[in-house]
Structures are given as C-alpha cells and as structure tokens.
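Contents: one structure, followed by commentary.
The values are calculated or read from the model by the stated rules, or taken from the named source; none is laboratory data. Because the structure is predicted, anything quoted here is derived from the model rather than measured. We place every Cβ from the backbone using ideal geometry, glycine too, and count neighbours over all the protein chains shown. Note: accessible area is taken over every heavy atom of the protein model, side chains too, but ligands, DNA and RNA are not part of it. Shrake-Rupley method; radii C 1.70, N 1.55, O 1.52, S 1.80 Å.
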Amino acid sequence: MAMDKKIFTTPILKSNPITVLVLGICSSLAVTVKLEPALVMAVSVTIVTGLSSFLISLIRKTIPNRIRIIVQLVVVAMFVILIQQILKAYAYDVSKQLSVYVGLIITNCIIMGRIEAFGLNEKPLPSLVDGLANGLGYGLILVIVAFIRELFGSGTLLGIQVIPQSFYEAGYMNNGLFIMPPMALILIGCFIWIQRIFQKEESK
Amino acid sequence: MNTNKNSYTIIYATILVVVVAALLAIVSLGLKDRQQENIQVEKQMNILGSANLGKDVKNVSDKNSYIKEEFSKYVKEAFVINANGEVIAKDSTDIVKSKAFGIEPSAQFDIMRKIEQGNTSYRDKLELPIFICYTPEGEKLIILSCYGSGLWGPIWGFISLKDDFQTISGALFDHASETPGLGGEIVTDKFRSQFIGKIVMQDNNIVPIKIVKGGIKDAKHEVDALSGATITSVAVQTMIENWLKVYEPFLEKQK
C-alpha cells in the first residue's frame, strides 16, 4: 500500500487548501477574530474531512456514480450535525461563539473537494490521512490568522490579556481594523504572496 | 455488480438516508437532556450575573453544578406579572421549574411589538418574569428581563434593581451575532458596570437611560456608548426603555 509520507505533508504546506488551492476562505474570514473559536473550527473541520473521506473511501465501490455527490453530501452533513450536537452538549460556550459556522462546515469546499479528488479513488487509510492533513493545513492558516487578529485587534490571546496595561496607558490602542473581516482577507493574501515567493522555483 | 442501474441507485439512496437519519435521531435524543441543561444553566448564570453574583464561574471545574448551587442559594422567588403590573403567578420553591423561569423573553418581545402596532388585544397575553434575589450582603434585588434586536441579531439581558425599585444594581447583556470586538463588547464588565447606580424611575415616571457618545454629562441617567458600535449601543438603550415601560405599572405599585 502506498502510504507515502507525502500524503500527509503536502496538504499542510505545499498544497495548503487555503493558500494554494484557495478553498475554505469564507469560514477563515468569519471565525478568526478570536483564537478559541478558530481552534475549535480547525479541530472540527479536521475531524470531518478525515472521517468523511475515510467513510466514503470505505463504500466507494458501492456508490452509484450518478448520485455520488449526494452520497458525499449526506455523509459530510451527518458528521457535521454530529459535531454540532456534541459541541452543544459538551462545549456550550464554544458552540455559541461558532453559532452558524459549524453548520457551514458542510459547505466548506475542502471537504467535498478532497472526497472527489482522493477519497473516491483511494483506499480508506490513505484517504483518512489525506483528509486529516488537509484539515490540519486549513487549521494551521486559521490559527495563524486568528493569532494575529486577536493579538492586534483585542490585545488578548485565548481571551487573556497579553498586551500590558501600561502600553494602553502610554497611548497604545487596539487596531479595530483587525477585527473586521477585510483584515483576514489581507492577511491571507499576504500568506499566499509569501508562499508563492518560496514556491516559485518548484512550480515552474 | 452494475452500480448504475436505476433500481440499485434508488435502493442505495433509500438505505443510506434511513441509516443516517436513524443515527442522527439516536444521538440527538441521547444528548438532548444535556443540551437543555446547558441552556438552563446559561440563563441562571445570566440572572446571577445581573446581580453581580456567580463570579467564580471561570475558576471552578464543574461550571453547571456551581451555577445551579449559587442560583438556588440566592434567587429565592419568581413572579410572573401581566401588562397591568398584577402578579399572576408566584413561586418560591424550585425557581428553575417556575413559570417565570420558563418564559421566553423573545416571545414576549413579539407580543410587545404587536401591541405597539396597535393590536391591543395582545395586552392580555403579555407575561413578564421577575426574579427576587437576596445577595450574601442581605440586599434584596429585583431582577427584570429584557430582549431586543441589535445590529445583526437579537440581544438580551437582565437588569437588577435595588429594593427602592429605581436604582440599577447591576446589568448583564448578551447577544447572538453582534460584531466581535465592537457591538459584541456589550457583554464585557467594562460596559455593564457603567449601569450600576443609574436611576430609572423618578417621581413615578420612567427615566430612560441614555447611551451617549463622547462622555457622559448626567451621571445619574447616562452611560458611555461603545465606540464603533453606535447601532448596538442604541439598540441596548431602546431595549431597556421598552422593557422598563412594560414593567412600569408593576414598579409604580411597589412605591
């Protein structure tokens, strides 16, 4: 079985779903104001991509080709609803913060994209790894963006104040722009830019 | 096997959907109690918060049992009043199971809007919850509910009055989807604590709290607005005014 390490490493950096494939932008703008929801979102998406790729790969030979997208959608939706229910029961505060975005994991292009491109053709275990890795690649960008936005936008990290009070007394102010969605787009744009500089050679 | 046959496709889809639906139904049933409990604990926490109680919630490992214990310790009575300020239900045993606790402020807000539009028949349907809380210092607080629309979605909260029925002792606000960092700041202690000590009744009339920009001039009735969140600030002001108006007949009777 071709359990290449590459299946795991490429999606995290070289073909990162956000900065290279430019998928899942919508949610990465919405949930990155604070670090905590970004972390939960990252974990949730990772679990959903991994498990749905795995399950689809398990039943890939039985799926009628004409309704394969519907089958994928049902499987992804099932996992998303499961996560939503579990969050509501065991992490109520976080589920309140994420509100509609957990439900919107269903529409995250990364999940369906990976199932179509990988899960439908490969064995279950590599599919699981590929799904998890893509989720992690997505989560990595999410966490970095959230880190920067929370630090400069609110002066806190995970809700704990990190910029000392003396700075504020000296006239420092939180940058309101970092709280607004456009700043996430600008940050992600910068990441794409940086990554393209380093990967220029390879892509030629 | 030919997986492209019509009959196969239909049977496949049917089985898949039934299996998934059954699984989700089981999970939903299994977690329902816990989810309901979370919603109730949240409400108890908000009521306590408006009375400046339950502050150790961040330091305890079992949040739910801590809040429940604090709530039963301090919140001792609950009334339901009608639009004329008459008490129509009273509970003093298990507040969480009381009628007042079960009232959804959102439903009452809909009724209030209908009354405002001129449907006076809805006046009889109005039911307003009031909670009485005795603080560890022995103070009696009257906790009123409120609910309104913010910039993006609903906002709600609880306001506690001292037993002179006119001085605010504490306030707590929450929201569904105000902008984080701007309108979302209504939940912060910094914004909430401004309401402490404000006067809402004078000479038997409601004096609405004004949320003003650029520094307060009247320390008794004004609160500083949130910068960059004008609409949410105004929404809080309107919400408090609307609900004080419906509570007014009751508050007047207490004089």
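Is it true that some residue in the stretch A:64-71 is away from chain B (no Cβ under 11 Å) and modelled with pLDDT of 80 or more? Within the stretch A:64-71, one or more residues are away from chain B (no Cβ under 11 Å) and modelled with pLDDT of 80 or more.
As for the stretch B:36-49, it holds at least one residue that is under 30 Å from A:PHE79 (Cα atoms) and over 15 Å from the mean Cα position of the chain (by Cα).
Yes or no: the stretch B:50-69 includes at least one residue that is more than 11 Å from chain A (Cβ to nearest Cβ), under 26 Å from B:LEU126 (Cα atoms) and not in a loop (DSSP other than H, G, I, E, B). Among the residues of the stretch B:50-69, at least one is more than 11 Å from chain A (Cβ to nearest Cβ), under 26 Å from B:LEU126 (Cα atoms) and not in a loop (DSSP other than H, G, I, E, B), which makes the answer yes. On inspection, B:LYS198 passes the criterion of being away from chain A (no Cβ under 14 Å) and among the basic types (Lys, Arg). Taking the conditions (1) free of Cβ contacts under 8 Å to residues at least 12 places away in the same chain; (2) within 29 Å of A:LEU157 (Cβ to Cβ); (3) small (Gly, Ala, Ser) in turn, B:GLY228 satisfies each one other than (1). Residues that are more than 9 Å from every other protein chain (Cβ to nearest Cβ), under 20 Å from A:ILE67 (Cβ atoms) and of a type in the set (S, T, N, Q) within the stretch B:7-46 comprise B:SER7, B:THR14, listed in sequence order. Could you please let me know if A:PRO37 is free of Cβ contacts under 8 Å to residues at least 24 places away in the same chain, open to solvent by less than 30 Å² (accessible area, probe 1.4 Å) and either under 26 Å from B:ARG34 (Cα atoms) or facing chain B (nearest Cβ under 10 Å) (or both)? Answer is no for this residue.
Going through the stretch B:210-255 one residue at a time, which ones are on the phi > 0 side of the Ramachandran plot and surrounded by 15 or more Cβ atoms within 10 Å (Cβ to Cβ)?
Passing the criteria: only B:GLY228.
Of all residues in the stretch B:55-68, those that are within 17 Å of B:PRO136 (Cβ to Cβ) have Cβ atoms under 7 Å from Cβ atoms of residues that are small (Gly, Ala, Ser), 6 or more apart or on another chain, in B:ILE67/B:GLY54. Within the stretch B:23-55, the set of residues being open to solvent by 80 Å² or more (accessible area, probe 1.4 Å) and among the acidic types (Asp, Glu) comprises just one member, B:ASP33.
Where helices (runs of 4 or more DSSP H) fall wholly inside the stretch A:73-160, the ranges with 1 or more residues that are within 14 Å of chain B (Cβ to nearest Cβ) and buried (at least 17 other Cβ atoms within 10 Å of the Cβ) are A:92-98, A:100-103, A:124-154. Scanning the stretch B:76-102 for residues that are under 20 Å from B:ALA51 (Cβ atoms), buried (at least 18 other Cβ atoms within 10 Å of the Cβ) and either of a type in the set (A, V, I, L, M, F, W, C) or in contact with a Leu (Cβ under 6 Å, 6 or more places away or on another chain) (or both) yields a count of 7.
Give the stretch A:90-129 a look and list any residue that's under 14 Å from the mean Cα position of the chain (by Cα) and of a type outside the set (A, V, I, L, M, F, W, C), or say none. Hits for the stretch A:90-129 are A:TYR101, A:GLY103, A:THR107, A:ASN108, A:GLY113, A:ARG114. Of the residues contained in the stretch A:179-191, none is found to be under 16 Å from A:LEU39 (Cβ atoms), open to solvent by 70 Å² or more (accessible area, probe 1.4 Å) and touching a residue at least 60 places away in the same chain (Cβ under 8 Å).
Of the residues A:ILE56, A:ILE67, the single one that is open to solvent by less than 50 Å² (accessible area, probe 1.4 Å), touching a residue at least 60 places away in the same chain (Cβ under 8 Å) and assigned to a helix (DSSP H, G or I) is A:ILE56. Within the stretch B:116-135, identify whether any single residue is open to solvent by 20 Å² or more (accessible area, probe 1.4 Å), closer than 26 Å to B:GLU178 by Cβ and not in a helix (DSSP H, G or I), and answer yes or no. Yes; the residues of the stretch B:116-135 include at least one that is open to solvent by 20 Å² or more (accessible area, probe 1.4 Å), closer than 26 Å to B:GLU178 by Cβ and not in a helix (DSSP H, G or I).
Table: residues versus (1) in a strand (DSSP E or B); (2) within 14 Å of chain A (Cβ to nearest Cβ).
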position: B:GLY157; (1), (2): yes, no
position: B:LEU161; (1), (2): yes, no
position: B:ASP164; (1), (2): no, no
position: B:GLY170; (1), (2): yes, no
position: B:ASP174; (1), (2): yes, yes
position: B:GLU185; (1), (2): no, yes
position: B:SER193; (1), (2): no, no
position: B:ILE211; (1), (2): yes, no
position: B:VAL223; (1), (2): yes, no
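In the stretch A:160-177, the residues that are at pLDDT below 80 form Cβ pairs under 9 Å with partners that are open to solvent by 100 Å² or more (accessible area, probe 1.4 Å), at six or more places apart or across chains, as follows: A:GLY176/B:SER227.
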